[in-house]
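Engineer: A single structure is presented below for examination.
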Amino acid sequence: MRKYVSECIGTFVLVFLGCGTAMLVGTSPDGGYLLTALAFGLAIVAMAYSIGNVSGCHVNPAVSLAVFVRGDMSGKDLAGYIIAQVIGAFLGACLLWLLFLIGGVTDMTGGLGANGLAGVGGRASVGLAVEIVLTFVFVMAVLGATSSKYDHKPVAGLVIGLSLVLVHILGIGLTGTSVNPARSLGPAVMAFITGNAEPLSSVWVFIVAPLIGGLCAALLYDAIEGRKHEE
């Protein structure tokens, strides 16, 4: 249960700080891109060095799926992690909505920082491709930085956070960058509850694509590094 609570907290922080920054500054190329990318990445760095020793700081169903495929967690924990991550993302989106509503602050994203397909012309196929590739890159970095074969633990959180910044720099202008089903689902559901159904209509892209990307990363990483039982 401590692991699940940690994952809930970590995903809450990711959505609250990452999506909150996007809501506040927007996602325009003249500054909003970089600030939002840094917010997501630095949130991961902060959580990696606080809850990492408890749960591993996945805060992302795609990462949890990859770890499961690699044989490093049970099916029970996979389900528990994903449920906790989705709850945390929804709570983060709820608090953002309340704060922006009470404070009378304009949401520059128009949808609680939810992901969308406007940057790819509304084409789901392109959005799927973008998110699969970005998630693949990110999860490969996670698996490499946390591999038990190498002593990267002291800098793993920093590497993972900077990798998330990297994929956001490209992805924000295309899909808003998900690479995380929970991060997309929480704001999309909250936006729907508050009267904006558009993010929820395309949220399936940001659930399916990251899971495919994470699965591909796990399988390829197994091929190039080797499973533990082969050592």
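Engineer: Which of the residues spanning the stretch 100-115 are more than 10 Å from V205 (Cα to Cα) and among the polar types (S, T, N, Q)?
Structural biologist: T106, T109
Engineer: Looking for whichever is under 14 Å from the mean Cα position of the chain (by Cα) and either buried (at least 20 other Cβ atoms within 10 Å of the Cβ) or farther than 16 Å from A124 by Cβ (or both) here; the options are L158, L162. Which one fits?
Structural biologist: L162
Engineer: Sort out which residues of the stretch 217-231 are of a type outside the set (S, T, Y) and crowded, with 18+ Cβ neighbours inside 10 Å, and write them in order of number. Reasoning before the result, please.
Structural biologist: Looking only at the stretch 217-231, we keep the residues that are of a type outside the set (S, T, Y), and these are 217-220, 222-231.
Scanning the stretch 217-231 gives A217, A218.
Engineer: In the list G161, G127, G157, which residue meets the criterion of being part of a helix (DSSP H, G or I), within 21 Å of V63 (Cα to Cα), in contact with a Cys (Cβ under 8 Å, 6 or more places away or on another chain) and of a type outside the set (K, R)?
Structural biologist: Values: G161 fails: in contact with a Cys (Cβ under 8 Å, 6 or more places away or on another chain); G127 fails: in contact with a Cys (Cβ under 8 Å, 6 or more places away or on another chain).
Exactly one of G161, G127, G157 is part of a helix (DSSP H, G or I), within 21 Å of V63 (Cα to Cα), in contact with a Cys (Cβ under 8 Å, 6 or more places away or on another chain) and of a type outside the set (K, R), namely G157.
Engineer: In the list A118, A129, which residue meets the criterion of being surrounded by fewer than 23 Cβ atoms within 10 Å (Cβ to Cβ), under 24 Å from L200 (Cβ atoms), aliphatic (A, V, I, L, M) and at pLDDT below 95? Steps first, please.
Structural biologist: Values: A129 fails: at pLDDT below 95.
Unique residue meeting the criteria: A118.
Engineer: What do you reckon, is A62 farther than 18 Å from A182 by Cβ and surrounded by 24 or more Cβ atoms within 10 Å (Cβ to Cβ)?
Structural biologist: no
Engineer: Have a look at G52, G75 and point out the one that is surrounded by fewer than 24 Cβ atoms within 10 Å (Cβ to Cβ), of a type outside the set (V, I, T), farther than 16 Å from S178 by Cβ and touching a residue at least 60 places away in the same chain (Cβ under 8 Å).
Structural biologist: Result: G52 is the single residue among G52, G75 that is surrounded by fewer than 24 Cβ atoms within 10 Å (Cβ to Cβ), of a type outside the set (V, I, T), farther than 16 Å from S178 by Cβ and touching a residue at least 60 places away in the same chain (Cβ under 8 Å).
The values are calculated or read from the model by the stated rules, or taken from the named source; none is laboratory data. Note that the coordinates shown come from a computational prediction; the quantities given were computed from them, not determined experimentally. Cβ coordinates were reconstructed from backbone atoms using ideal geometry, including for glycine residues, and neighbour counts include every protein chain displayed.
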